[in-house]
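These notes concern the structure reproduced below.
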Amino acid sequence: MIKLTVNGHEHELETEPDTPLLYVLRDELALSGAKFGCGLGQCGACTVMLDGKAVFSCLTPLLLAAGKNVTTVEGLGTLEAPGPLQRAFIEEQAAQCGYCIAGMMMRAQALLVKNSSPTDAEIRAAMEPNLCRCGTHMRILRAIKRAAALIKTADAGAAGRARP
C-alpha cells in the first residue's frame with residue numbers, strides 16, 4: 001500500500017511502486033491535467049509539483065512520490081474560482097492547443113513559489129524544460145509576470161486586512 005497526497009487529498013494505492021506517477025494521476029485518480037507527451041522527460045506536458053518542485057511525472061516512479069505532496073493543475077483552482085496563475089493564463093490567452101499548458105502552469109507555479117518576483121531571464125530559464133509547439137511562448141511569459149503581480153496584490157490585500 002502506497003500513500004499519496006494529491007492536491008491536499010490523501011490516497012492509498014495498491015499500485016506497483018515503479019509505476020510512473022503520471023499513470024497513477026490519470027488512470028487511477030482521474031486527474032487528466034498532466035498529459036502524456038513524450039514519456040522521456042523531454043517535453044514537460046506531464047509536469048506536476050512534488051513538494052513544491054516541478055518534476056516530470058512520466059519519469060517519477062510512484063514510490064518517489066509516496067509521503068510527499070503532489071500538486072497538479074487541478075490543485076491550482078477550479079473552473080468557478082481559478083487561481084492567480086490560471087487567471088493570468090486566461091487573461092493573456094496563453095493557451096492555443098492547450099496540450100502543454102498544464103505542465104507550463106505547474107513549472108511556473110513552482111517558480112513563483114520559490115521566487116515571487118522573477119526577472120524575464122529567470123522566467124525563461126525556469127520554463128526552458130517545457131516545450132510549446134504552438135509558439136505561445138511570449139504569451140506564457142506575460143502570463144507568468146501577470147500571475148506574479150496578481151499574487152503580490154492578493155498578498156498585500158491580505159496583509160492589509162490582517163492589520164488591526
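Please treat every number below as a calculation from the coordinates, not as lab data. A quick note: this is a predicted structure, and the numbers were derived from the prediction, not measured. Note that we place each Cβ from the backbone using ideal geometry, even for glycine, and neighbour counts take in every protein chain shown.
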Breaking point among (1) of a type in the set (S, T, N, Q); (2) surrounded by fewer than 16 Cβ atoms within 10 Å (Cβ to Cβ); (3) touching a Cys at 6+ places or on another chain (Cβ under 7 Å), for Q42: (3)
Total residues in segment 117-131, condition surrounded by 12 or more Cβ atoms within 10 Å (Cβ to Cβ), within 15 Å of the chain's Cα centre (by Cα) and in a loop (DSSP other than H, G, I, E, B): 3
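Residue-by-condition table, conditions (1) outside any loop (DSSP other than H, G, I, E, B); (2) farther than 24 Å from E16 by Cα; (3) small (G, A, S):
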position: L59; (1), (2), (3): no, no, no
position: L79; (1), (2), (3): no, yes, no
position: P82; (1), (2), (3): no, yes, no
position: I90; (1), (2), (3): yes, yes, no
position: C97; (1), (2), (3): no, yes, no
Filter result (touching a residue at least 40 places away in the same chain (Cβ under 8 Å) and of a type in the set (A, V, I, L, M, F, W, C)) within segment 112-125: V113
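Listed here are the residues, each with its yes/no results for (1) without any contact (Cβ under 8 Å) to a residue 12 or more places away in the chain; (2) farther than 19 Å from E128 by Cβ; (3) of a type in the set (G, A, S).
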position	(1), (2), (3)
G8	no, yes, yes
L21	no, yes, no
L40	no, no, no
M49	no, no, no
F56	no, no, no
P61	no, yes, no
Those residues of segment 54-90 which are touching a helix residue (DSSP H, G or I) at 6+ places or on another chain (Cβ under 6 Å) and either surrounded by fewer than 16 Cβ atoms within 10 Å (Cβ to Cβ) or over 15 Å from A102 (Cβ atoms) (or both), in sequence order: T60, L62, A65, G77, P84
